[in-house]
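Structure record follows, encoded as structure tokens.
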Amino acid sequence: MDLTTGTRERGNAGTRQATSVLSIPELDACVHCGLCLNHCPTYRVTSLEPESPRGRIHLVQAASQGRIEPNERFGEHIYLCLMCRACETACPAGVQYGRIAEAAREVLGPPGSPFARAVQMFAFRRLLPSLRRLRWVAVGLRLYQRSGLAVLVRPLLPRRLREMEAMLPQVPDRFFSPKAEVLPAIGPRRARVGVLSGCVMSVLFADVNEATVRVLRRNGCEVVIPNAQGCCGALNVHNGETVAAKAMARRNIDIFLGSGVDAVIVNAAGCGATMKEYGHLLHDDPAYKEKAEQFGRLTKDAAEFLAELGVVPPQGRVDLTVTYQDPCHLAHGQRVRTQPRILLASIPGLRLVEMDGSDRCCGSAGIYNITHPEMSQTVLSEKMRMVDHTGAQAVVAPNPGCMLQLRFGGKKFGPNVPVYHLMDLLDKAYGNAGTGERGNEETI
Amino acid sequence: MGITVSLHSELREALGEKYVLVEPEDVIVYERDGSIIQVMPEVVALPADTAQVAAVVRAAKRANVPIVPRGSGTGLAGGAVPAEGGVVVSLARMNRILEVDPRNRTALLEAGVINLDVTKAAASHGLFYAPDPSSQAACSIGGNVANNSGGPHTLAYGVTTNHVLGVEVVLDDGQVVWLGGAVPDTPGYDLCGVFVGSEGTVGIVTKALVRLMRTREAVQTLLAVFDRMDAATQSVVEITGRGIIPAALEMMDKVTIEAVEMGSSLGYPKGAEAVLLVEVEGVREHCDRAVALVREICEQTGARQVKVAQDAAERQRLWKGRKEAFGSMGRLAPHYYVQDGVVPRSRLPEIMREVAAISTRFGLRIANVFHAGDGNLHPNILFDMRTPGELDRVIEASDAILRACVAAGGSITGEHGVGLEKRNSITLLFSQQDLDAMAKVRKAFDPDGRFNPAKVFPTPITCAEMRLVPAKIPAGLWI
């Protein structure tokens, strides 16, 4: 299958086809009560109802009835949404807003200028499905950043590209490449688990992936990291690309279900939320629907899994005052809120100071910080103000997008404090145990 | 057309391009509030301050088009629906809390401030804002003033009008004036009182000076469980009859409990015919005594179980269920229609029997969740608009309920307002002379009838004609 073909021009899906794709049962559950409004980051910033969940649902409804066209203006409202799904937490009727917005995005295709759309389609259909190609791009980016080329090029870029360039993360020296596909549990075996390496996680956060594997092993997990696995497809689904996304989902389902694991562990909230919803993504694929649902049930966020398994209390101390950012796709997408806090509380010496609105989006939202830098940074500056109020020495945010965004926010708006993944801190705590053996230096 | 174009450009000049919406993909979002009636506005204007509101009013007057104020659009009677087109003025951007004055226990608010944000801002001073509609996490102070909103806790503390000391308003010629003021009982006519509950028909409220109350020392929440609705309603009559005024006295029936507990388990007993949620507040000694009395009364009237919430978390869970009850109806049926009738408390047992009889007669499922202490009913009629003829039966059933309320000495609305939805039912309560007198008051403020036309007063057009129903519109009505 050639994944680059089939790029749709905006609106050429035709109104009739659009109305049928958009007529989804989820729309019926919205009773228009408005309780979502104040929970929506873009409504809070703009005070405009077309930029609210209820407003967007109404727009999709109107388009599904053929009362308005799913045109460019419609697309702007649908794509200004961060997809944080805070509205789903607020909704008393249980409206699945994410599915409504994803259906609209499927009709629209990716956002932006024709060039931006082509770049995204290339990324979604050529790069993300292949970790090998993704790594080559990362190597190129690393060269650009290290060779001094970046310093030369930066001043020449137009303002908008310069802003986007500033959002690019520093590519570290090494990628995640475990020595073996199966790593034994430390101590008595309590479970056999698969670990998703992830696209962004394996390229930019090899250290967090390694920490996650070490923590799981110290909790009695035999860890399986299949080489043939790939990106979960979350970025595709959120940006209106479902063709490649479905192929990526099928691949991961086959590989992990075939590896005989008790759970598939994810340390990136956005990936976890998407993988738990593979059943919905593949609902019209009779060969995979059931397997996808089974896979969804096996998928667990690392914190969720460890808290349910009963975390082995770390013996080492981490003397640090932290505040916790609930990743949207963990708190709202997966309803995982208490488990990360249970794990934080298990670390001796660590003190948690809650920030106001910890479950409000930081503005990262996948590639949103690149497609909508202005809104992203407005949301981020407010988030950093809340971080500042806590006086915490560090922020814990168990999701790669949030980590990158909060680090950027610390530099741009302050306070410039370190941002950790929850697994980093647990790993440090195990490593700091009095044995002298530092767990976080042990390679995997 | 020429007028429209000049109106648009005048509004853009005053408010800026971004805050004047005219494209269908923008304005369509403002065609509805929390009710099931929808009419597309021609223009939506979002002023940033009072001066901009005045500019919008002047521009609309020059263009001779109606003005429809809108807060958060959570209203249930179509009050924010632009029935005759014109300019919808959203006050959403005017959401600044200008002052919290703990010594005088007041807060100065812009009209778009969210109700719950007032209590959040006052909490550090040990104060709160009492009127608490179930939509308080979303609804605006301006909307509360327009509808004279109530809420579960207004049984003890009174409704919005008891908490508004003064309002800043924009009159029909664009003049800005303050009515009422920082001291209670200003001399002369109570013109502030004219604005409270006027549903946007006399001008636009841009600021409100509201009263704050001292947070009570102690609070206790009881849940009384009943196997018979009659016993539950009789308990309400007994509790208030013995001179106990709880801070809140709410009822939920079997169907409502089912809807609420479908979402998440909040501690309501499935299968019970009715529960009473009773909250008492005050000094600690008073609370203990009131709890004992309420328990005794409920047990005497036949409660199966009376339990007291053990901690703040349990209390919050119970209230979460109550406040989200209306939204939860989406879990039971694609559509629901809520009425807002009122009866004297002593007539509660018979009116609830009547509601049950109407449910059977029309073959419609009804979920009851309401402010029992105030005698303010909220029967939610569950239905599916796509079933032919069902909506007509719903309207008939709801009319029958309102007539029963009026016959029992009550009213057609407790707190949702008249709006578009009940403007023809208002004749159940008022004679033509009454309505003429009210129209004169309105005309004194709004001689052209420009502010929120087609609301409150009866017109020959029936609601059925207003309801522009494409195949599927989820009905949304709740308090």
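When Rg and the Kirkwood Rh are both derived from Cα coordinates, the Rg/Rh ratio for region B:35-77 amounts to 1.00.
Per residue, the convex hull spanned by the Cα atoms of region A:182-308 amounts to 93 cubic angstrom. Placing dummy labels 7 Å off each Cα toward the beta-carbon, the span from A:Q294 to B:N64 is 7.3 nm.
Amide H contacts of B:T206 (H built 1.01 Å from N, in plane; Pro and chain starts excluded): B:E168, B:V169, B:V170 sit under 5 Å, all sequence-distant by 5 or more or on other chains.
Shape index of region B:218-328: Rg/Rh, with Rg the Cα radius of gyration and Rh the Kirkwood radius from the inverse mean 1/r over Cα pairs, equals 0.95. Rg of the Cα atoms in region B:103-261, relative to 2.2 N^0.38 Å, amounts to 1.20.
Computed in the context of the full set of protein chains, the accessible area of chain B at 1.4 Å probe radius has 52% of its extent on carbon or sulfur. With a cut-off of 15 Å on the backbone N, the residues of region B:300-315 near the modelled label site 7 Å out from B:D227 along Cα-Cβ are B:300-306. Here region A:342-365 and region A:262-284 have alpha carbon centers that stand 23 Å from each other.
Pairing chain B with chain A buries about 3100 Å² of accessible area. This figure sums both sides and uses a 1.4 Å probe.
Electrostatic tally near A:E163: other residues with Cβ closer than 15 Å to its Cβ, Lys and Arg +1, Asp and Glu -1, net +4. Its Cα gyration tensor gives region B:2-92 an equivalent ellipsoid, and the semi-axes of that ellipsoid, as √(5λ) in whole Å with the largest first, are 20, 13, 12. Computed from Cα atoms alone, the Kirkwood hydrodynamic radius reported for chain B is 23.0 Å. Per-residue mean of foreign Cβ neighbours for B:26-35 is 6 (Cβ atoms of other chains, 10 Å radius).
First check a/c for region A:96-136, with a ≥ b ≥ c the square roots of the eigenvalues of its C-alpha gyration tensor; if it is under 1.5, answer rounded, and if not, answer prolate when a/b is larger than b/c or oblate otherwise. Note, shape of region A:96-136 comes out oblate.
How fast does region A:281-351 diffuse by Stokes-Einstein, in µm²/s, taking the Kirkwood radius from C-alpha pairs at 10 °C and 1.306 mPa s? Translational diffusion coefficient: 111 µm²/s.
Residue pairs exceeding 23 angstrom between C-alpha atoms, taken from B:K254/B:K320; B:K120/B:K323; A:K411/B:K18: A:K411/B:K18. Interface burial in region A:77-110 reaches 20 Å² or more for A:P92, A:A93, comparing the full protein assembly with the chain by itself; accessible area from heavy atoms with a 1.4 Å probe. Solvent-accessible surface of chain B, taken per residue with a 1.4 Å probe and all protein chains present: 37 Å².
Working note: Karplus 6.51/-1.76/1.60 with θ = phi - 60° gives region B:411-416 the couplings 9, 8, 8, x, 7, 7 Hz, where Gly and Pro are set to x.
A P(r) calculated from all alpha carbon pairs of the protein assembly as shown, with 20 Å bins opening at zero, reads 13, 43, 34, 10, 0 percent. Scan around B:L165 for amide H atoms under 5 Å from its own, H built in the peptide plane at 1.01 Å from N, and keep only partners 5 or more places away or cross-chain. Long-range HN contacts for B:L165: B:L209, B:V210, B:R211.
Based on alpha carbons, the Rg and Dmax found for chain A are 21.4, 69 Å. Relative contact order of chain A: 14 percent, from C-alpha pairs under 8 Å at least 6 residues apart in sequence. If a/c stays under 1.5 just call it rounded; otherwise compare a/b with b/c (prolate if a/b is bigger, oblate if not). Do that for region A:114-167, with a ≥ b ≥ c from the square roots of the Cα gyration tensor eigenvalues. It is oblate, given that a/c is not under 1.5 and a/b is not larger than b/c. Taking θ as phi - 60° and the Karplus parameters 6.51, -1.76 and 1.60, the scalar couplings of region B:206-213 work out to 10, 9, 9, 9, 10, 7, 10, 10 Hz in sequence order, x denoting glycine and proline. If you line up the long axis of helix B:229-241 against the longest principal axis of chain B, both from Cα atoms, how many degrees apart are they, to the nearest 10? Between the helix axis and the principal axis of chain B, the angle is about 80 degrees. For chain A, the fraction of 1.4 Å probe accessible surface lying on carbon and sulfur atoms is 54 percent. Packing-based ranking of B:199-210, B:100-111 yields B:199-210, B:100-111, ordered from highest to lowest mean Cβ neighbour count within 10 Å.
3J(HN,Hα) couplings calculated from phi for region A:55-66 with the Karplus curve 6.51 cos²θ - 1.76 cosθ + 1.60 (θ = phi - 60°) are, in sequence order, x, 5, 4, 5, 5, 5, 4, 4, 5, 5, 8, x Hz; Gly and Pro show x. Counting only lysines at least 8 places from A:K246 when in the same chain, those with an alpha carbon closer than 22 Å to its own are A:K276, A:K289, A:K291, A:K300. Between helix A:206-218 and chain A there is an angle of about 60 degrees, using the helix long axis and the longest principal axis of the Cα atoms. Put simply, when B:331-337, B:184-190, A:170-176 are sorted by average Cβ atoms within 10 angstrom per residue, most first, you get B:331-337, A:170-176, B:184-190.
Overall size of region B:312-404 from C-alpha positions, given as principal axis extents largest first: 46, 33, 17 Å. Per-residue ellipticity at 222 nm from helix content only, as computed over the protein assembly as shown with -39500 (n - 2.57) for each DSSP H run of at least four residues, stands at -12000 deg cm²/dmol.
Provide the per residue accessible area, probe 1.4 Å, for region A:154-227, rounded to a whole number of square angstrom. The answer is 45 Å² per residue. Each pair of Cα atoms in region A:313-431 enters the Kirkwood radius, and Stokes-Einstein at 37 °C and 0.692 mPa s then converts it into a translational diffusion coefficient of 230 µm²/s.
Between the amide H of B:A248 and those of B:E279, distances stay under 5 Å, these residues lying 5 or more places away or on another chain, with hydrogens modeled in the peptide plane. Over the alpha-carbon set of region B:333-463, divide Rg by the Kirkwood Rh and report the Rg/Rh ratio to two decimals. Rg divided by Rh gives 1.01.
The values are calculated or read from the model by the stated rules, or taken from the named source; none is laboratory data. From a predicted model like this one, the values you see are computed outputs, not experimental measurements. Virtual Cβ from ideal backbone geometry, glycine too; neighbours counted across all protein chains shown. Ligands, DNA and RNA are stripped out before the accessible areas are found, and what is left, the full protein with its side chains, is counted by its heavy atoms. Shrake-Rupley method; radii C 1.70, N 1.55, O 1.52, S 1.80 Å.
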